[in-house]
Amino acid sequence: MIKNIVFDMGRVLIEWAPEVIVAREGLNAEDSALLLREVFQCGEWAAMDHGWMSQDEGCRLICKRLPARLHENARHCVFDWWKAELRPIPGMAELVREVKCLGYGVYLLSNATSCLSEYFHRIPGSECFDGRIVSADVKMLKPEREIYAELYRQYHLDPAECFFIDDNILNVDGAWLSGMNATVFFGDMQRLRRELNEVGVPVEQP
């Protein structure tokens with residue numbers, strides 16, 4: 001029986017669109033493409049999420065590959081992206097609050113840097129969470145088996161009693177391999193609510 005709902009953050013609770021973050025910098029198309037590639041599609045971003053590398057060090061290495069004119073823009077993308085509007089996924093905050101009111105445990109499992117603690121309270125529905133595992137804090141990344149085990153260990157959860165929602169199929173596969181039921185979220189709230197019903201979570205259908 002499902003007793004706990006575990007949520008990813010980016011593209012589940014809030015929109016995560018690096019191209020939108022880069023667009024805020026107001027650059028031309030060529031510089032925007034360069035910034036997008038070197039900041040968000042590089043090994044340093046994953047290393048920062050993994051907690052292997054500080055944001056200062058990651059930004060320093062990223063800037064070594066960029067012309068000086070883009071260094072300040074890179075710093076904005078690394079350190080300040082979350083200071084702009086955090087756009088919630090429509091209907092997700094309501095779902096979080098609904099499952100909480102139904103008596104389910106609510107948890108976060110996210111690949112993110114440690115600065116998540118500075119902005120998580122700004123995400124609608126965040127007040128409902130009973131706990132969170134952030135990759136940089138535990139120095140593990142989804143879909144590594146160890147990060148799911150850390151969630152269960154830290155919050156004394158039985159994986160068979162958990163249902164995980166993530167936008168990345170590899171992370172969902174990792175959850176299944178760890179013993180937790182899971183689904184890929186494609187942005188379709190009606191489908192997600194139906195899937196929750198199918199595993200015995202009595203959320204309302206639109």
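Where a number appears in this text, it was derived from the coordinates with a stated rule and is not lab data. As the structure is a prediction and not an experimental result, all values here were calculated from the model. Cβ: placed from backbone, ideal geometry, glycine included. Neighbour counts: every protein chain shown.
Laid out as a table, the results:
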item: Total residues in the range 176-206, condition in a helix (DSSP H, G or I) and under 18 Å from residue 92 (Cβ atoms); result: 9
item: Subset of the range 5-32 that is among the β-branched types (Val, Ile, Thr) and outside any helix (DSSP H, G or I) - its residue that is nearest to residue 122 (Cα to Cα); result: 14
item: Helices (runs of 4 or more DSSP H) fully within the range 70-131 counting 3 or more residues that are aliphatic (A, V, I, L, M); result: 92-101
item: Condition check for residue 127: charged (D, E, K, R), free of Cβ contacts under 8 Å to residues at least 12 places away in the same chain, within 22 Å of residue 168 (Cα to Cα) and surrounded by fewer than 16 Cβ atoms within 10 Å (Cβ to Cβ); result: no
item: Pick from the range 1-40, criterion farther than 25 Å from residue 192 by Cβ and touching a Phe, Trp or Tyr at 6+ places or on another chain (Cβ under 9 Å), ranking: surrounded by the fewest Cβ atoms within 10 Å (Cβ to Cβ); result: 24
item: Failed criterion for residue 155 (all others in (1) closer than 18 Å to residue 114 by Cα; (2) surrounded by 15 or more Cβ atoms within 10 Å (Cβ to Cβ) hold); result: (1)
item: Subset of the range 167-206 [in contact with a helix residue (DSSP H, G or I) (Cβ under 9 Å, 6 or more places away or on another chain) and of a type in the set (Lys, Arg)]; result: 193
